[in-house]
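**Student:** One structure, as structure tokens, below. Some questions next.
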Amino acid sequence: MFSKISFARQETNWFALIPKLILLAILCVCFYPLDKKEYFIFAVFVFFFLTLAARRTFLTADLHTSIKHIRNEAFAEAIPYIEKSFDYYKQRPWIDKYRFALQISSSKSTIREICIGNLAYCYLRLGEPLKAKALYEALLRENPANKNAKLMLGGVKTILEELRALRNYPVDTK
């Protein structure tokens with residue numbers, strides 16, 4: 001019925017790639033005088049090292065752990081880690097705001113949006129479609145353009161309608 005991978009399909013914000021290209025260009029300019037033949041290889045190596053260091057610094061271990069649990073279909077175990085991640089980024093909105101400059105993410109969705117979406121997905125997979133519906137609706141109030149939330153909310157409403165028809169499930173499917 002469900003796939004083994006989390007629902008989130010990350011849409012790329014192509015404008016966010018500009019800081020990455022600028023950083024790579026700066027590194028090329030810096031390494032060119034040192035080695036005119038292989039400066040690009042050095043620049044790419046340092047670029048990837050800086051990107052990995054930024055991700056390790058600004059993306060929480062809780063976020064990585066929650067994604068690992070989701071991939072392993074351990075949805076109940078993922079929920080506390082998702083909540084911790086959400087709280088962390090709620091207290092530090094500057095990380096989300098400057099994630100492009102920090103070389104963390106080129107996604108159109110904020111890290112907070114991803115946390116809410118993953119939390120809703122976990123509740124859905126745990127058989128709690130009402131909680132999932134409420135979270136997707138909250139996510140759409142925060143960001144009406146979120147395609148994943150729209151898609152998943154439609155799916156949740158369909159599931160709720162089917163449950164209601166099958167066993168008089170007392171839900172509001174508006």
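Read-outs throughout are calculated quantities, based only on the coordinates presented, and are distinct from any laboratory measurement. Remember, it's a predicted structure, so these values are computed and weren't measured experimentally. Backbone-built Cβ (ideal geometry, glycine too); neighbour counts: all protein chains shown.
**Student:** For Cα extents along the principal axes in Å, pick the label among (1) 73, 32, 29; (2) 58, 32, 21; (3) 45, 34, 32 that corresponds to the value derived from the coordinates.
**Tutor:** From the options (1) 73, 32, 29; (2) 58, 32, 21; (3) 45, 34, 32, the structure gives (1).
**Student:** Under 26 Å from the Cα of LYS133, which lysines turn up, not counting those fewer than eight places away in the same chain?
**Tutor:** Cross-link targets: LYS4, LYS68, LYS84, LYS90, LYS108, LYS147, LYS150, LYS157, LYS174.
**Student:** May I pose another question? Explain nothing, just the number: dipole magnitude of the chain about its Cα centre with +1 on each Lys and Arg Cβ and -1 on each Asp and Glu Cβ, in debye rounded to the nearest 20. Don't skip to the answer; put the middle values down first.
**Tutor:** Numbers: 26 positive and 16 negative charges, 38 e Å.
Using only the charged Cβ atoms, the result is roughly 180 debye.
**Student:** Separate question: State whether the range 86-169 is rounded, prolate or oblate according to the following rule on the C-alpha gyration tensor (a ≥ b ≥ c being the square roots of its eigenvalues): a/c under 1.5 gives rounded; otherwise a/b larger than b/c gives prolate, and the remaining case gives oblate. Intermediate results must be reported in sequence, preceding the final value.
**Tutor:** Working: a/c = 3.28, a/b = 2.52, b/c = 1.30.
It comes out prolate by the Cα gyration axes.
**Student:** Follow-up. If I fit a long axis through the Cα atoms of helix 75-91 and take the longest principal axis of the Cα atoms of the chain, what angle between them do I get, 0 to 90°, rounded to 10?
**Tutor:** 60
**Student:** Which FRET efficiency value, to the nearest 0.05, do you get for LEU34 and LYS97 by plugging their Cβ-Cβ distance into 1/(1 + (r/R0)^6) with R0 = 35 Å? Write out the running numbers ahead of the final one.
**Tutor:** Working: r = 35 Å, r/R0 = 0.99.
Efficiency, rounded to the nearest 0.05: 0.50.
**Student:** Still on this model: Of LYS157, LYS150, how do they rank once you tally other Cβ atoms within 10 Å and put the fewest first? If you can, show how the numbers build up before the last one.
**Tutor:** Details: LYS157 17, LYS150 14.
Fewest-to-most ranking of LYS157, LYS150: LYS150, LYS157.
**Student:** Let me ask you something else. Fewest Cβ neighbours within 10 Å first, please rank TYR39, TYR136 accordingly.
**Tutor:** Values: TYR39 17, TYR136 29.
Ascending Cβ contact count within 10 Å gives the list TYR39, TYR136.
**Student:** According to the square roots a ≥ b ≥ c of the eigenvalues of the Cα gyration tensor, what is the shape class of the range 12-58, taking rounded for a/c under 1.5, prolate for a/b larger than b/c otherwise, and oblate for the remainder? Let's see the in-between values first.
**Tutor:** Values: a/c = 3.01, a/b = 1.60, b/c = 1.88.
The shape class here is oblate.
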